[in-house]
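Report on one structure; see the data block that follows.
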Amino acid sequence: MVDLKDYVPFTGLLIFGNIENLILASQGAVAHVNPIILGILSLIAVIIWLLIGTYGTKIAIKYADYIEILGGIAIIILGIQSMLEAFGF
């Protein structure tokens, strides 16, 4: 049985990662990407991250702080990139 306490260190990454996923999806919509293809690719990405998260948590728990920092940096960079593209830079 999975203990939810194992996932607590990754809570911030889960929340902000989902927000970033919404931002990237909106970028795809603005860029007029086929919504069916965008939806399928998003589902594939979510399933892959679910599998990695489910099976990798026990291994990665000792590196949770580093993973959260790197994930946060990636989210910030992607957010800045999407804002710059929205303003036409």
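The values are calculated or read from the model by the stated rules, or taken from the named source; none is laboratory data. As the structure is a prediction and not an experimental result, all values here were calculated from the model. Glycine gets a Cβ as well: all are built from the backbone with ideal geometry, and neighbour counts include every protein chain shown. Areas reflect the complete protein model, heavy atoms only, side chains present, ligands, DNA and RNA absent. Shrake-Rupley method; radii C 1.70, N 1.55, O 1.52, S 1.80 Å.
Computed values, structure above
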| quantity | calculated |
| --- | --- |
| Condition met for S26 (open to solvent by less than 50 Å² (accessible area, probe 1.4 Å), among the polar types (S, T, N, Q) and part of a helix (DSSP H, G or I)) | no |
| Verdict on F10 being open to solvent by less than 60 Å² (accessible area, probe 1.4 Å), under 20 Å from I69 (Cα atoms), part of a helix (DSSP H, G or I) and of a type in the set (F, W, Y) | yes |
| Test set (1) part of a helix (DSSP H, G or I); (2) at pLDDT below 80; (3) of a type in the set (A, V, I, L, M) - M1 fails condition number | (1) |
| Qualifying residue in the range 36-50 (condition: on the phi < 0 side of the Ramachandran plot, in a helix (DSSP H, G or I), open to solvent by less than 60 Å² (accessible area, probe 1.4 Å) and touching a residue at least 40 places away in the same chain (Cβ under 8 Å)) | no |
| Cross-chain or 6+ apart pairs with Cβ under 6 Å, the range 69-89 first and part of a helix (DSSP H, G or I), then of a type outside the set (A, V, I, L, M, F, W, C) | I75/E20; L78/E20; S82/Q27 |
| Within the range 51-89, tally of residues that are among the hydroxyl-bearing types (S, T, Y) and either open to solvent by less than 100 Å² (accessible area, probe 1.4 Å) or touching a Phe, Trp or Tyr at 6+ places or on another chain (Cβ under 9 Å) (or both) | 3 |
